[in-house]
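So the structure is just underneath, and the comments pick up after that.
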Amino acid sequence: VSPSASDEPARLLDAARAGERRALARLLSVLERGGAEARAVAAACTGAPAPYVVGITGAPGAGKSTLTDRLIGHARGGWPAEGPEGAQAIDQLAVLAVDPSSPLSGGAILGDRVRMASHATDPSVYIRSLAARGHLGGLSLAVPDALRLLGAVGMPLVLVETVGVGQMEVEVASAADTTVVVLTPGWGDAMQAAKAGLLEVADLFVLNKADRLGVAEARRDLEAMVALSAPGSWHPPVLEAVALEDRGVDQLFEAVGRHRRHLVESGELAVRRRSRLAAQLRRILLAAVTQQVDAQVAGERFEHLVDAVLAGSLDPYGAVDQLLS
Ligand SMILES: Nc1nc2c(ncn2[C@@H]2O[C@H](COP(=O)(O)OP(=O)(O)O)[C@@H](O)[C@H]2O)c(=O)[nH]1
Ligand SMILES: [Mg+2]
C-alpha cells in the first residue's frame, strides 16, 4: 500500500520520534512553508508534551551564538539538582536559530552554524535555522509550530536564538519560558535594549564579553534601568560571562534552572503558557480573517460595491455591511 499524502506527516513524525533527523528536518521545512501541509503536521503534534523553551536575544555580535554553543554543553549535564523535582536529565536538545530578516536564511545563520560547531557531531543535539517562507502569519506562527513539533519528537529543551533586536525578535524571544537578554559592556547597550523593549521581556540578563572594559558601568546602568521596570515576584539577575572562554556559562545555566523552578513552583509557567497559547490562537484567527478579507477584495462583488459608493448610491459602511452579510 502506497502511503497517501495525509499519512505523510504522521509517518514522518514517527520516523523523527525514532531519531531520524532527516524526517525532523523535512517536517520543519513543511512548517516553514505553511499552508495545508503545515496544518497537517501541527495536527499530528496534538497532545504532545511541550519542551522547556529558553529564548536568547540581543544585538547582532553580542555573542548569542557563542553563548548558545557553550550552553548546550552545560545543559547536556541535566537540570540542576536542587528543588522538589531533583536532578533531571536532558537526554537531547534542540537549538532553533530564528532569522526574521532573511526569508531564505542567509549568511548570519551560516556564521552561527560555525560558532555552534562544537556540537555538530553530537547526535543528541539538533541545530536548525528557521525562517518563515510564506507561512501565513510569518515567524510568529511558524516558531510555536516548530516548538510543538520538537516537543512531539521528544525534545525536553529547546534553545531559541534570534538574530537581532527587531520587533519580531522580541516577540519570538519573549514567547520562551525563560528569556535571556545578552548585552555587552559597550556604551549605550543597555539603552538600546530598553528602546527595543527588551527590559520588559527579560528574565535574565547576561553581560557577555566581560573580558572587555566597562563591565561595572554597564552593570550599573542596567541595574538602574531594571529597578525602574515593574517589580514582579522574580527579579531578573544580571550575570556576567565570557562565552568565548566558557566563563560564567555554568552560572547562566544554573540561573535558567532557578528561573524554571520559580515558574513551576509559583504556577506562573502554566499561566504564561496559557496566555501564549491564547495569543497564538488570536494570531491564527487574525491570519484566517485576513485571508477571507483578501478574497473578498479580489472578488467582483467588491468592485461593484466600490462603483456603487463612487456613484453615490451607497455609503462606504453600508457597502461593507453588505459584504459582511
Ligand atoms: N571578547 C569576546 N568576544 C566574544 C565573546 N563571546 C563571543 N565573542 C565574539 O563575538 C563575535 C560575535 O559572536 P556571535 O556569537 O556570533 O554573536 P551573535 O551575533 O550575538 O550570535 C564573534 O567573533 C565571537 O567570537 C566574549 O565573551 N568575549
Ligand atoms: Mg548568532
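The values are calculated or read from the model by the stated rules, or taken from the named source; none is laboratory data. Predicted, not measured: the structure shown is a model, and the values here were computed from it. Here the Cβ positions follow ideal geometry from the backbone for every residue, glycine too, while neighbour counts run over all protein chains shown.
Of all residues in segment 173-203, none satisfies the criterion of being over 22 Å from residue 237 (Cβ atoms) and touching a Gly at 6+ places or on another chain (Cβ under 7 Å). Among the residues of segment 129-152, are any among the charged types (D, E, K, R) and within 20 Å of residue 50 (Cα to Cα)? The answer is yes, given that some residue of segment 129-152 is among the charged types (D, E, K, R) and within 20 Å of residue 50 (Cα to Cα).
Hey, among 58, 78, 86, which residue is modelled with pLDDT under 95 and within 16 Å of ligand 2 (Cβ to nearest atom)?
Among 58, 78, 86, only 58 is modelled with pLDDT under 95 and within 16 Å of ligand 2 (Cβ to nearest atom).
When segment 221-245 is filtered for residues that are away from ligand 2 (no atom under 16 Å from the Cβ), within 23 Å of residue 160 (Cβ to Cβ) and crowded, with 16+ Cβ neighbours inside 10 Å, the ones remaining, listed by number, are 222, 226, 236, 237, 238, 239, 240, 242. Which of the residues spanning segment 197-220 are over 19 Å from residue 53 (Cα atoms) and surrounded by fewer than 19 Cβ atoms within 10 Å (Cβ to Cβ)? Those that are over 19 Å from residue 53 (Cα atoms) and surrounded by fewer than 19 Cβ atoms within 10 Å (Cβ to Cβ): 197, 211, 212, 213, 214, 215, 216, 217, 220. Looking only at segment 256-266, decide whether some residue is touching a residue at least 60 places away in the same chain (Cβ under 8 Å), outside any helix (DSSP H, G or I) and more than 16 Å from ligand 2 (Cβ to nearest atom). No, there is no match, as no residue in segment 256-266 is touching a residue at least 60 places away in the same chain (Cβ under 8 Å), outside any helix (DSSP H, G or I) and more than 16 Å from ligand 2 (Cβ to nearest atom). The helices (runs of 4 or more DSSP H) found wholly in segment 11-80 and carrying at least 3 residues that are within 16 Å of ligand 1 (Cβ to nearest atom) occupy 64-75.
Check whether at least one residue in segment 20-43 is touching a strand residue (DSSP E or B) at 6+ places or on another chain (Cβ under 6 Å), within 21 Å of residue 173 (Cα to Cα) and either among the β-branched types (Val, Ile, Thr) or without any contact (Cβ under 8 Å) to a residue 24 or more places away in the chain (or both), and report yes or no. Within segment 20-43 (the criterion being touching a strand residue (DSSP E or B) at 6+ places or on another chain (Cβ under 6 Å), within 21 Å of residue 173 (Cα to Cα) and either among the β-branched types (Val, Ile, Thr) or without any contact (Cβ under 8 Å) to a residue 24 or more places away in the chain (or both)), the answer is no, since none of the residues qualifies. The residue that is surrounded by the fewest Cβ atoms within 10 Å (Cβ to Cβ), counting only those in segment 155-196 that are without any contact (Cβ under 8 Å) to a residue 40 or more places away in the chain and aliphatic (A, V, I, L, M), is 191. Of the residues screened, residue 280 is not one that is surrounded by 12 or more Cβ atoms within 10 Å (Cβ to Cβ) and farther than 21 Å from residue 143 by Cα. Just one residue in the set 124, 105, 140, 129 is at pLDDT 80 or above and surrounded by 15 or more Cβ atoms within 10 Å (Cβ to Cβ); that residue is 129. Scanning segment 299-320 for residues that are at pLDDT 95 or above and either polar (S, T, N, Q) or within 39 Å of the chain's Cα centre (by Cα) (or both) turns up 302, 313, 320.
For residue 271, indicate whether it is in a helix (DSSP H, G or I) and either touching a residue at least 40 places away in the same chain (Cβ under 8 Å) or more than 23 Å from the chain's Cα centre (by Cα) (or both). Answer is no for this residue.
Restricting attention to segment 204-220, and to residues there that are among the basic types (Lys, Arg) and not in a loop (DSSP other than H, G, I, E, B), which single residue is nearest to ligand 2 (Cβ to nearest atom)? First the steps, then the outcome.
Initial filter on segment 204-220 (among the basic types (Lys, Arg)): 209, 212, 219-220.
Next, from what is left, pick out any that are not in a loop (DSSP other than H, G, I, E, B): 219-220.
Numbers: 219: 23, 220: 27 Å.
If we take residues in segment 204-220 being among the basic types (Lys, Arg) and not in a loop (DSSP other than H, G, I, E, B), then 219 is nearest to ligand 2 (Cβ to nearest atom).
Exactly one residue out of 243, 287, 295, 278 is modelled with pLDDT under 95, touching a helix residue (DSSP H, G or I) at 6+ places or on another chain (Cβ under 9 Å) and not basic (Lys, Arg): that is 287.
Can you find, within segment 252-277, the residue that is farthest from residue 139 (Cα to Cα) among those that are among the acidic types (Asp, Glu) and surrounded by 14 or more Cβ atoms within 10 Å (Cβ to Cβ)?
We begin by selecting, within segment 252-277, every residue among the acidic types (Asp, Glu); these are 254, 265, 268.
Subset that is surrounded by 14 or more Cβ atoms within 10 Å (Cβ to Cβ): 254, 268.
Details: 254: 29, 268: 25 Å.
The residue in question is 254.
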